[in-house]
Amino acid sequence: MKMDRTDYTEDFKNSIQLHGHACIGLAVGYVAAMTAMERLGLQRAQDEELVAIAECDACGVDAIQAVLGCTLGKGNLIYRDHGKNVFTVIDRRKNDAIRIALNIDLFARTDEQQALMKKVINGRANETERESFWRAQEEKIDAFLAAPPEKAFSITRITPEVPGHARLFTSLLCESCGEQVMEPRVRLRDEKRVCIPCSENYGRGW
């Protein structure tokens, strides 16, 4: 989808830039992030003052990172593999949090729409089909962005269990592959300190 739309907010443009394209999944994360910022009175995190807990690894997580500044590398994005478009945002300074859960099916498609999407993803769609697909996506995104968040989300203010700050650990050398691994991830195999992949490299000759 084109990323030169002048009516998109800078935060949504930044989300698209990170993700690579605009889609309804990205819009879900964007609206969740903006709702959290507005309800909790937040600014984008420079350090670990905010924590985001994402219960999926879907498109919307990129918007959470772009808008809130909560990232895996910074240590303030926690991933829980629940397969749900649910995002909890915590303000450490105020011990305040909000849980935002998608409660409508935005991803339902007819058989025809599903077939078209597969053609676009697999690179088999012609120009007319691609334009039709992205135009429909754009219309869906526009409608979602224009709607009040309460229409799509369950929004709950909660008292959080605040996670600890990200920790720095000593790195050790794996005695099998020779690569560095942080100390808490070291495993013992055949009386050697090894990394997780090397610890799982066990076979019986077949």
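Checking the structure you have, find out if any residue of segment 136-153 is among the acidic types (D, E), modelled with pLDDT under 95 and part of a loop (DSSP other than H, G, I, E, B). No, the conditions are met nowhere in segment 136-153.
Residues satisfying the criterion are present in segment 132-149 (criterion: out of contact with any Lys or Arg (no Cβ under 6 Å at 6 or more places or on another chain), closer than 30 Å to G69 by Cα, among the aromatic types (F, W, Y) and surrounded by 16 or more Cβ atoms within 10 Å (Cβ to Cβ)). Every test in (1) in the same structural domain as S15 (by TED's automatic domain parsing); (2) in contact with a helix residue (DSSP H, G or I) (Cβ under 7 Å, 6 or more places away or on another chain); (3) aliphatic (A, V, I, L, M) is passed by L172 save one, and that test is (1). Can you report the number of residues in segment 120-131 which are hydrophobic (A, V, I, L, M, F, W, C) and surrounded by 11 or more Cβ atoms within 10 Å (Cβ to Cβ)? So the count comes out to 2. Against the numbered list (1) in contact with a Lys or Arg (Cβ under 6 Å, 6 or more places away or on another chain); (2) assigned to a loop (DSSP other than H, G, I, E, B); (3) touching a residue at least 40 places away in the same chain (Cβ under 8 Å), P163 comes up short only at (1). Figure legend. Inter-residue proximity from segment 75-96: first residues over 15 Å from V162 (Cα atoms), second residues in a loop (DSSP other than H, G, I, E, B) and small (G, A, S), beta-carbon distance below 9 Å, spacing 6+ or different chains. Indicated pairs: G83/A58; N85/A58.
The values are calculated or read from the model by the stated rules, or taken from the named source; none is laboratory data. This structure is a prediction, so every number in the text was calculated from the model and none was measured. Positions of Cβ are generated from backbone atoms using ideal geometry, with glycine treated the same way; all protein chains shown enter the neighbour counts.
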